[in-house]
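A quick write-up on the structure given underneath.
The values are calculated or read from the model by the stated rules, or taken from the named source; none is laboratory data. What you see is a predicted model, and the numbers here were worked out from it, not measured in a lab. Reconstructed Cβ throughout: ideal geometry from the backbone, glycine too, with neighbour counts over all protein chains shown.
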Amino acid sequence: MIFENVYFITGTAYAGKSTMVKLLAEKYNGIACEENYHDVLLPELDAKEFPYVTYTRDLQDWHEFIRRSPEEYLAWINGAAKECEILELRILEDMLKKEDSQNKKIFVDTNISIETLRKIAKHDHVLIMLSDPDISVRKFFERPDKEKQFLYQLIMEEPDPEAALQNYRKGLELINSQENYNRLLNSGFNVILRDEKLGVQGTLELVSKKFGL
């Protein structure tokens, strides 16, 4: 199945994916499927079928989340991404069955893998947005969203906050590795590298152009 009117943005942290999805939907009177939009299905999921996605739902003590080893964190991220793909495809298929969605452009901040995107999306309906791996790690906690600030506060509550912060950053380094960056960069899809000089509106114009809008 090819998703005709769906535009997918994937890439690395701190690249502007969430912002672009929101602004594109506003500009083109479309629908925004923003970061973690699959969470709408979270309450009804079976933990045995979706152990990675439901991990945080069923977590009793969030300090356990930030105490995991970098390798455990990476394994969780990779496992959750695979489960998120299943949920995203389920949501998108249901959306496209609805009459009010069929004539609208849908913009998605996605976890769907590059391999699957090659099968379900038009080539010019996929965009990779990348930021330097070092920036993705270094500025992770500088972002104002509640989730990241919540995690930062948990880290600061640890007996040795600096050690806890370094442990968490090592996990981020594994996720935002140069290898992963290169894999996305060389995926064959259109790529935009984060450029502070462009600003939000300049980036929006470039993204629109890449999508042929």
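So which residues in the stretch 132-149 are closer than 22 Å to ARG183 by Cα and not charged (D, E, K, R)? Once the filter is applied, which keeps residues that are closer than 22 Å to ARG183 by Cα and not charged (D, E, K, R), the stretch 132-149 yields PRO133, ILE135, SER136, VAL137, PHE140. Within the stretch 67-82, residues that are in contact (Cβ under 8 Å) with a residue 40 or more places away in the chain have Cβ atoms under 6 Å from residues that are charged (D, E, K, R) and part of a helix (DSSP H, G or I) in these pairs: PRO70/LYS170, counting only partners at least 6 apart in sequence or on another chain. The set of residues in the stretch 44-63 being at pLDDT 95 or above and of a type in the set (Lys, Arg) consists of LYS48 alone.
Residues in the stretch 25-43: is at least one part of a helix (DSSP H, G or I), at pLDDT below 95 and in contact with a Cys (Cβ under 8 Å, 6 or more places away or on another chain)? Scanning the stretch 25-43 turns up at least one residue that is part of a helix (DSSP H, G or I), at pLDDT below 95 and in contact with a Cys (Cβ under 8 Å, 6 or more places away or on another chain).
Screening ASP160 against (1) touching an Asp or Glu at 6+ places or on another chain (Cβ under 6 Å); (2) without any contact (Cβ under 8 Å) to a residue 12 or more places away in the chain leaves a single unmet condition, (1). Considering the stretch 1-24, and only residues there that are in a loop (DSSP other than H, G, I, E, B) and aromatic (Phe, Trp, Tyr), the residue that is nearest to LYS98 (Cα to Cα) turns out to be PHE3.
Residue-by-condition table, conditions (1) aromatic (Phe, Trp, Tyr); (2) more than 20 Å from ASP195 (Cα to Cα); (3) under 16 Å from the mean Cα position of the chain (by Cα):
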site	(1), (2), (3)
GLU93	no, yes, no
GLN102	no, yes, no
LYS105	no, yes, no
THR116	no, yes, yes
LYS122	no, yes, no
ILE128	no, no, yes
GLU142	no, no, no
GLU147	no, yes, yes
PHE150	yes, yes, no
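Do we have any residue at all in the stretch 170-178 that's hydroxyl-bearing (Ser, Thr, Tyr), free of Cβ contacts under 8 Å to residues at least 60 places away in the same chain, more than 30 Å from GLU26 (Cβ to Cβ) and out of contact with any Phe, Trp or Tyr (no Cβ under 6 Å at 6 or more places or on another chain)?
First, the residues of the stretch 170-178 that are hydroxyl-bearing (Ser, Thr, Tyr): 177.
Now drop any that are not free of Cβ contacts under 8 Å to residues at least 60 places away in the same chain, which leaves 177.
Going one step further and asking which of them are more than 30 Å from GLU26 (Cβ to Cβ), we end up with 177.
Keeping just the survivors that are out of contact with any Phe, Trp or Tyr (no Cβ under 6 Å at 6 or more places or on another chain) gives 177.
Yes, the stretch 170-178 has at least one match.
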